[in-house]
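Data first, discussion second: the structure below is written as structure tokens.
Read-outs throughout are calculated quantities, based only on the coordinates presented, and are distinct from any laboratory measurement. Nothing here was measured: the structure is a model prediction, and the numbers come from that model. Neighbour counts run over all protein chains shown; Cβ positions are idealised from the backbone, glycine included.
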Amino acid sequence: MTEITIQNLSKIIKGNAVIQDVSMNLRSGVIYGFKGINGSGKTMLMRLICGLIRPTEGEIRINGKTLGKDLSLDSCSGFQNLKILASIRSVATDDDIRATLSRVGLHPDDRKKYRKYSLGMKQRLGIAAAIMEKPDIVILDEPTNSLDSDGVTLVKQIVQEEKARGALVILSCHDGALLEGLSDEIFLLERGRLTEHTVGDEV
């Protein structure tokens with residue numbers, strides 16, 4: 001069981017409070033949707049949870065350990081690209097990488113260079129990077145951007161599979177209907193503040 005506890009989290013950048021006094025509790029096996037217009041703080045909150053930036057105030061605890069103090073998270077975003085990422089922790093095998101590429105709709109033996117990838121292929125590769133090591137926490141920020149309808153269907157399937165595997169899933173998406181269809185709980189952010197929390201049948 002993985003649990004993330006966020007307490008009184010704030011982030012101030014150049015005098016602007018981009019996250020303001022946010023508190024929430026998240027747990028394994030649940031899909032959490034972060035909802036809000038551009039500039040509402042969704043991506044900033046995700047970056048804080050990933051450990052990519054430090055909060056100005058408050059704290060994030062993962063299984064009781066404080067992020068940035070007791071705990072440091074590695075952030076990872078072709079086959080060769082994923083193999084380089086996999087070498088950081090030596091968790092994913094070559095077979096795991098191949099299976100993950102196939103899972104997101106990319107051919108493991110495609111020799112095309114990353115610079116020649118379409119936006120949709122780059123998005124699929126980013127999703128592969130997020131899930132290839134079967135992490136306890138999966139964070140996907142706008143995963144359907146640049147994807148065609150088949151790609152969107154694939155993302156839906158992957159998100160549900162990650163939940164079924166027991167992962168704690170955090171998701172943001174500009175498509176409100178898609179977000180509501182996938183999420184078990186939704187947090188609404190407005191100007192960096194958590195203004196609404198809906199659960200289950202309320203979503």
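Odds and ends about this structure:
- Entries in 69/113; 116/163; 35/65; 42/163 that, when Cα-Cα distance is taken, lie over 30 Å: 69/113; 116/163
- FRET efficiency, residue 119 to residue 70 (Cβ-Cβ, R0 30 Å, nearest 0.05): 0.20
- When only Cα pairs below 8 angstrom with a gap of at least 6 residues are kept, segment 115-203 shows a relative contact order of 22 percent.
- Antiparallel bridge percentage (DSSP; both residues within the chain; nearest 5): 60 percent
- Volume per residue of the C-alpha convex hull in the chain, rounded to whole Å³: 125 Å³
- For residue 174, net neighbour charge (Lys/Arg +1, Asp/Glu -1) across residues whose Cβ lies under 12 Å away: -1
- Shape metrics for segment 158-203, restricted to C-alpha atoms - Rg then Dmax, Å: 11.3, 33
- For a label point 7 Å along the Cα-to-beta-carbon line of residue 164, residues of segment 21-65 with backbone N under 16 Å: 29-31
- Taking Lys and Arg as +1 and Asp and Glu as -1, the other residues whose beta-carbon sits under 14 Å from that of residue 161 total +4.
- Under 5 Å from the amide H of residue 193 lie the amide H atoms of 20, each residue being 5 or more positions distant or on a separate chain, with H modelled from the backbone and absent for Pro and chain starts.
- Extended-chain gain in nm, criterion 0.36 nm per residue less alpha-carbon gap, residue 177 and residue 110: 20.7 nm
- Proximal charge balance of residue 23 [Cβ under 12 Å; K/R count +1, D/E count -1]: -1
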